[in-house]
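Note sheet for the following structure.
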Amino acid sequence: MHLNETALNGAILLGLLSLPLYALIVDEPYTITLMTRVVILALAAVGLNIILGVGGLVSFGHAIFFGIGGYAMGILAYHAQTFTILDFGLFITDGTRLMPVIWLVAMAVSATAAFLIGILSLRTSGVYFIMITLAFGQMFYYFAISWPEYGGEDGLSIYVRNTFPGLNTLAPIQFFAICLVLLCLALYIMARLRRSPFGLALNAARQSGIRVETVGIDPVRLRLLAFVLSGTVTGLAGALYADLNRFVSPVMFSWQFSGELIVLIVIGGVGRLMGPVVGACVFVALEHLLGGLTEFWLIILGLILLGIVLFDRGGIIGFLTGRAGAHV
C-alpha cells in the first residue's frame, strides 16, 4: 500500500515539530539541538535540490555557499564581539550580532558568488560541470585555510550566539523554531517554483536543452537563475549552522560536505519536496545512534545509498509513495 505524498509531507513536518516539543517536555535539550542540525542540513539540501532535482545539475561545489554563509556570520559576529572595524573597501562596519542582518549579508554574498561561479561553470555540462564546481570548492577551501586573520586552518570561534528580536536564541527550542520557520519558507518556495512557468521550463531544460532553445528560451539563463537561488538558500543554511555551533572553519568548504548534501537528497528522493528533510533525518539518526558504537557507521549509510541507487531511485519518499524518482 502506497501513501499519498502530500499526506506524507505533512506527517514529516509534524514529526519535525513534535520530537523537539517532546524533548522540551522531558528536558532533553541535546535532542532539540540534534533536530536543529537536521533542519539546517535539510535547508542546505533544499537549496541544492533546486538545481539537482529540478535542473538536473550535479554540483560538487555547493559547500562553497554553505561556507560563505558560515564565514559571513563568523566575520560579522567576530568584529562585533571584539569591537573592531571590518574594512572590505566599500563595505565598512563594526560587525553585528543581529541574525536578520547576518542572514541578509550571507545570502547576498552567496548569491553574488553563485552568479559569478555560475557564469563560468554553466558553460560546461555533465562531468565537466561536476569537476569545475569541485575545483571552485577546493579554491575556496584553501583560501579559507590561508586566511590567518580569521583563524586559518583552526577556524574561528564565536563566544555567544547571535540575537533575534524578541527571542532568546540561547534557548534550544527557540533557536530550533527560527530554523524550522526558515526551512518551511524554503520548502514553500521550492513547491511554488516547481509548479511555476520558470520551474517547468527548468525541468524541460533538464530533459532537453535544445528543445527549450527552439521555443525561444535560453536554457543557460534558466540554469544560472536556479544556480543563484540555490546558492542563496544554501548560504542561509551555512549562517545558521555556524550560529548553531558558534564556530566556523574551512571544513565548511570541503568537497566532502558537498557530497553529503547530494547523499541526503538521493536518500530522501531526488526532486522530492521533502527528500532533503528525510535524508537529513536518516543521516543525523545514523550518525547519532551508530556513531557512538563504531567509527565505521558510514558503511551502513553507504549500504543504504547503494540499495536506493540500485533498486529504488525514488529514494525513501519514492518507495513509500510508489512513484519513480527524477532522472539526473
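The values are calculated or read from the model by the stated rules, or taken from the named source; none is laboratory data. Because the structure is predicted, anything quoted here is derived from the model rather than measured. Because the Cβ atoms are built from the backbone with ideal geometry, glycine has one as well, and the counts that use them run over all protein chains shown. Side chains included, ligands, DNA and RNA excluded: accessible areas come from the protein's heavy atoms. Shrake-Rupley method; radii C 1.70, N 1.55, O 1.52, S 1.80 Å.
Tabulated data
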| read-out | value |
| --- | --- |
| Extension reserve of the Arg123-Leu13 stretch, reckoned as 0.36 nm per residue once the Cα distance is removed | 35.8 nm |
| GNM result for the chain, Cα springs below 10 Å: residue of Ile262, Ile51, Ile130 fluctuating most strongly | Ile130 |
| Largest-first ordering by accessible area, 1.4 Å probe, given options Tyr150, Tyr241 | Tyr241, Tyr150 |
| Kirkwood Rh, Cα atoms: Rg over Rh of the range 216-274 | 1.06 |
| Nitroxide proxy distance, nm - points 7 Å out along Cα→Cβ at Leu310 and Ser208 | 3.4 |
| Label of the coordinate-derived value, Rg and Dmax of the Cα atoms in Å, listed as (1) 19.5, 61; (2) 21.0, 83; (3) 24.7, 84 | (1) |
| Segment Tyr150-Leu116, extension gain: residue separation times 0.36 nm, minus the distance between their alpha carbons | 9.9 nm |
| Helical segments meeting 24 Å axial Cα length and Kyte-Doolittle -0.5 threshold in the chain (DSSP H) | 5-25, 29-49, 63-82, 99-121, 127-145, 172-195, 219-245 |
| Contour excess over end-to-end distance, with Cα ends at Tyr142 and Arg221 and 0.36 nm allotted per residue | 25.5 nm |
| Label point 7 Å beyond Cα of Thr84 along Cβ direction - residues of the range 142-157 with amide nitrogen under 14 Å | 147-152, 155-157 |
| Calculated FRET efficiency for the pair Ile25/Ala108, C-beta based, R₀ 35 Å, to 0.05 | 0.35 |
| Accessible area (Å², 1.4 Å probe, nearest 10) - Thr82 | 50 |
| Normalised per residue, the volume of the convex hull around the Cα set of the range 1-148 (Å³) | 171 |
| Total charge dipole magnitude, the chain, about the Cα centre, Cβ charges on Lys, Arg, Asp, Glu only, Debye to nearest 20 | 1060 |
